[in-house]
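Inspection log for the structure reproduced underneath, given as structure tokens.
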Amino acid sequence: MNEDLNNEEVVGKDVPETSEENLEEVNIGTSEDGEQIQESVKETETNTEDDIKAKIEARANELMEEKIQGRLARQERKFNKELSKYKKLGNVVQAGLGVDNIDDAISKTSNFYQEQGITIPEFKDSYSERDEKILAKADAKEIIDLGRDEMEAEANRIAGIPEDHRTIRERVMFDTICEELMNLKATDELKAKGYDTSILEDKSFKEFRNQFAVSTPILQIYDMYNQLNGHKVEQPKSPGSAKTNTTNNEIKDYYTPDEVRAFTEEDLDNPKLMKAIERSMQKWGKSK
């Protein structure tokens, strides 16, 4: 009996009375903690889902790239296998005709069969002109990525081929590589003067630059462009430089592109001349 009483006393002392107010406090506390835990779990789940999606997407891209590269490699092997047959045939024909290049071999063989009364069907390349240009751009990019030395070597190689003997691909490659070499040279010249080279990528500047001959110095084009657009560019004057050869009385209402290219930097310092040039250039655009 005493033990039961003691136990009741112990229980009564250790466990606080649970009133409605206490229950409400306990419930509220539990609810807030639960929401925080749930929010934390949701955030973790969201991050995990994003990570998983990113990994899946990255892996999918890798697999696609591997698939594409594998297919290209198989096509290249097949192409090289077929090409080796034609190279072997070309070697036999060249030896039989006593020539040292495939072009002469084709020409002599074609003439021989035509003399025998055999009509040779016109050969049409399997690649369209559009395909050739796309491939030429890709080839040129590979060479450009190798650096200036490789670019110059390839440009010189194609330059050594008579223009009327160049293929479409060679012409496009030559133009693309030369354009990049010109941009590199222009960049170096502008950097040497401390000018902002990003202007070379400006659409308006490109259109302006295209109105001049390829041999026109980039610094001259740069100065003229800035002056026409109201951006004064101070150029270091060389000692004993000649005075401007255009006086107010000599300024014309219209100048041809060739006349504009002939002006010196000091000529272009004349505001009235620049206005006349600007008017002339507007007429150039209308005449196109």
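Evaluated against (1) under 24 Å from S84 (Cα atoms); (2) more than 18 Å from the chain's Cα centre (by Cα), Q220 falls short on exactly one condition, (1). Against the criterion of being surrounded by 10 or more Cβ atoms within 10 Å (Cβ to Cβ), of a type in the set (A, V, I, L, M) and at pLDDT below 85, A95 does not qualify. Every condition in (1) modelled with pLDDT of 90 or more; (2) surrounded by 10 or more Cβ atoms within 10 Å (Cβ to Cβ); (3) more than 30 Å from R279 (Cβ to Cβ) holds for M182 except the one numbered (3).
Quick check on the range 131-140. Is at least one of its residues part of a helix (DSSP H, G or I), β-branched (V, I, T) and in contact with a Ser or Thr (Cβ under 9 Å, 6 or more places away or on another chain)? So far as the range 131-140 goes, no, none of its residues is part of a helix (DSSP H, G or I), β-branched (V, I, T) and in contact with a Ser or Thr (Cβ under 9 Å, 6 or more places away or on another chain). Being over 30 Å from M224 (Cα atoms), modelled with pLDDT under 85, surrounded by 11 or more Cβ atoms within 10 Å (Cβ to Cβ) and among the charged types (D, E, K, R), is that true of even one residue in the range 107-128? Scanning the range 107-128, I find at least one residue that is over 30 Å from M224 (Cα atoms), modelled with pLDDT under 85, surrounded by 11 or more Cβ atoms within 10 Å (Cβ to Cβ) and among the charged types (D, E, K, R), so the answer is yes. Residue count for the range 162-206, restricted to those that are outside any helix (DSSP H, G or I) and farther than 21 Å from I134 by Cα: 6.
For the range 151-186: of the residues being under 20 Å from the mean Cα position of the chain (by Cα) and small (G, A, S), which is nearest to A138 (Cα to Cα)? Step by step, filter the range 151-186, then rank; the result is A155.
For D145, the criteria (1) more than 26 Å from K87 (Cα to Cα); (2) at pLDDT below 90 hold in every case but one, which is (2).
Taking residues in the range 266-288 that are modelled with pLDDT under 75, and partners anywhere that are among the aromatic types (F, W, Y), the pairs with Cβ atoms closer than 8 Å and at least 6 places apart or on different chains are K283/Y254. The single condition from (1) in contact (Cβ under 8 Å) with a residue 60 or more places away in the chain; (2) part of a helix (DSSP H, G or I) that Q211 fails is (2).
On the given criteria, is L219 in a helix (DSSP H, G or I), at pLDDT 80 or above and either under 18 Å from R279 (Cα atoms) or not assigned by TED's automatic domain parsing to the domain that holds A138 (or both)? Judged against the criteria, L219 is a match.
The values are calculated or read from the model by the stated rules, or taken from the named source; none is laboratory data. These numbers were taken from a predicted model, which means no experiment stands behind them. Reconstructed Cβ throughout: ideal geometry from the backbone, glycine too, with neighbour counts over all protein chains shown.
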